[in-house]
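A.B. asks: One structure, pasted below without further comment.
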Amino acid sequence: MEGNYEKGIKSNHFALKKEFNACKKEKFPFVYEVSKYATAQPFNHLNLAFQKFFKDLKLGKVSYPRFKRKREYQGSFYIGGNQIKIIQGSTKDYLKIPNLPKIKMTERLRLQGKINGATITQRGNKFYVSIQTDTTQEEFHRTHKPIANNHTLGIDTGIKAFASLSNGLQIFAPKPLNRLARRLKRLSRQLSKKRHSKTKNDGIKKSANFLKASLRLNRLHTRIANTRNNFLHKLKHRPSAAR
């Protein structure tokens with residue numbers, strides 16, 4: 001469909017998906033090794049991205065969709081609920097998805113209900129699954145107790161202190177990037193010196209040492225991100241306790 005847009009012929013994600021399905025057996029046979037959702041869902045994401053792009057244009061903003069970068073030890077894909085099974089064991093739950101054996105989960109499913117889909121994400125050498133369920137209001141309140149508190153509390157964010165509360169309490173954020181900056185720079189330098197392709201089509205294969213260095217750097221980035229996220233998750237409960 002190259003040049004169609006210049007000719008005034010506009011395609012949608014249904015047409016693009018149909019074109020891809022017509023040629024994937026010949027040009028991309030490896031897609032049959034994974035779930036059909038791994039190749040179908042990106043077209044839905046593309047459709048949503050262009051809808052946002054044209055909506056933003058009306059507001060004077062430019063947000064043209066960008067291709068998702070392919071990175072070592074990072075990525076995600078979506079699977080529909082009809083291809084997911086949660087198998088309950090005596091102490092652990094197991095996740096079953098197509099083309100893979102059942103996988104032990106670190107925690108049980110928090111909410112019971114119909115599984116609509118799941119997103120599987122890779123960060124370093126670890127994998128995480130986010131499961132979307134359609135549940136009842138009673139089931140939701142079984143694990144999410146409402147907090148009855150009529151007090152008000154003012155919160156002011158700043159530079160020196162992450163948050164200053166109206167009751168005098170100051171909350172300081174951890175700064176893992178400052179603490180691990182030297183190690184981050186060292187690992188980045190080590191990675192750049194390993195043999196790898198400088199451009200997309202230079203034909204140089206990434207060395208085993210490059211992949212090892214990439215994993216070490218990715219683990220450090222994950223550690224920094226987890227430290228920040230852990231602080232934010234704990235912070236959500238502190239203001240209510242402070243009141």
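Laboratory data are not the source of any read-out in this text; all were calculated from the coordinates shown. Everything numeric here is computed off the predicted structure, so don't read it as measured data. Note that we place each Cβ from the backbone using ideal geometry, even for glycine, and neighbour counts take in every protein chain shown.
A.B. asks: Just list whichever of Lys68/Lys126; Lys68/Lys104; Lys52/Lys234; Lys36/Lys126 have alpha carbons separated by over 25 Å in the model shown.
C.D. replies: Lys68/Lys104; Lys52/Lys234
A.B. asks: Considering only Ala213, Leu46, Asn167, whose Cα is most displaced toward the positive end of the charge dipole of the chain, charges sitting on Cβ of Lys, Arg (+1) and Asp, Glu (-1)?
C.D. replies: Checked the options; the winner is Ala213.
A.B. asks: A follow-up question, please. Anything in the chain that counts as a DSSP H helix reaching 27 Å or more along its axis (C-alpha) with Kyte-Doolittle mean of at least -1.0? List them, would you?
C.D. replies: Those that clear 27 Å and a mean of -1.0 are 37-58, 208-235.
A.B. asks: Now a separate question. In debye, nearest 20, what is the charge dipole magnitude of segment 6-110 about its Cα centre with +1 on Lys and Arg Cβ and -1 on Asp and Glu Cβ, if you could check?
C.D. replies: In total the dipole reaches around 180 debye.
A.B. asks: So what are the radius of gyration and Dmax for the Cα set of segment 29-180, in Å?
C.D. replies: Computed over the Cα atoms of segment 29-180, radius of gyration and Dmax are 21.4, 63 Å.
A.B. asks: Hey, another quick one. What is the extension gain from Ile159 to Asn229, computed as 0.36 nm multiplied by their sequence separation minus the C-alpha to C-alpha distance, in nm to one decimal?
C.D. replies: Here the segment from Ile159 to Asn229 would lengthen by 23.4 nm.
A.B. asks: Counting each DSSP H run of 4 or more residues in the chain as -39500 (n - 2.57), what helix-only mean residue ellipticity at 222 nm follows after dividing by all residues, to the nearest 500 deg cm²/dmol?
C.D. replies: Mean residue ellipticity at 222 nm (helix-derived): -12500 deg cm²/dmol.
A.B. asks: Under the 0.36 nm per residue contour assumption, what length would be gained going from the current alpha-carbon distance of Leu180 and Lys102 to full extension?
C.D. replies: 24.4 nm
A.B. asks: Could you work out the relative contact order of the chain? I mean the mean sequence separation of Cα pairs under 8 Å and 6+ apart, divided by the number of residues, in percent.
C.D. replies: Reported as a whole number, the value is 12 percent.
A.B. asks: Let me ask something additional. If you average 1/r over every pair of different alpha-carbon atoms in segment 11-95 and take one over that average, what Kirkwood value in Å do you get?
C.D. replies: Kirkwood radius, segment 11-95: 15.9 Å.
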